[in-house]
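See structure below.
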Amino acid sequence: MQLPSALLEQAVNEFSKLPGIGKKTALRLVLHLLKQEPEKVKAFGEAVIRMRDEVRFCQRCGNISDALICSICNSPMRKQELICVVESIRDVIAIESTQQYNGTYHVLGGIISPLDGVGPDQLNIESLLQRVRAGGVEEVIFALNPTIQGDTTIYFIQKKLQDTSVRFTTIARGIAFGGELEYADEMTLARSLQHRLPVDKLVKG
């Protein structure tokens, strides 16, 4: 793609590094920004820079936060005795969009996958174990993608906490085995949360 400006080409190259953005889409976005008032473009750039510099992760659950503890963990309207374990922050956003869950979360940052070199030590599992062992937790809901790796992760965590009195459940398999949680529609996710199942049924097959 031959462009008349080196600055334009540099901007296009940077935009095209974003997931799902090809060179043509990147060029369209850059040309759109060129048509905007300088103040609007400056505000756009500053928002991205501030987001990257100031957004942090909740020290308790691993969710995105503007403070040390996220707004969900801090909310008095949330059931602190309920923890929904998810793989990524995108899954938190997907479940929150259903407006059917009023507990807290714990973001693992991935799932156990030996073939990919991902073990328990690379995930946010130890802090989850500490949360549960600290007391006050009645139920842990596993809302992981329904795959072999997801089931392995559930089994590992459950075994680590088998000496506790916590109830372990998993979202109902309205989501196809091997599917991606973040791509499920809101109704399917909501029903899966409402009709969650004991983990023992999942592990025993």
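Mind checking the full-extension length gain between Thr152 and Thr164? Use 0.36 nm per residue of separation minus the Cα-Cα distance, one decimal, nm.
Gain on extension, Thr152 to Thr164, equals 2.4 nm.
Straightening the chain between Lys17 and Glu186 buys 57.9 nm, computed as 0.36 nm per residue apart minus the Cα-Cα spacing.
Could you calculate the contour length gain from Glu39 to Arg90, that is, 0.36 nm times the residue separation minus the distance between their Cα atoms, to one decimal place in nm? Please list the in-between numbers first.
Numbers: separation 51, 0.36 × 51 = 18.36 nm, distance 3.08 nm.
Here the segment from Glu39 to Arg90 would lengthen by 15.3 nm.
Please give the Cα centre distance for segment 66-120 versus segment 17-64, rounded to the nearest Å. Segment 66-120 and segment 17-64 have Cα centres spaced 24 Å from each other. Just to confirm a number: summing +1 for Lys and Arg and -1 for Asp and Glu over residues other than His106 whose beta-carbon lies under 9 angstrom from that of His106, what do you get? Net charge around His106: +2.
Readers should treat all values here as calculations from the given coordinates under stated rules, not as data from a laboratory. What you are looking at is a predicted structure, and each value in this text was computed from that prediction instead of being measured. For neighbour counting, all protein chains shown are included, and Cβ atoms are generated from backbone atoms with ideal geometry for every residue, glycine included.
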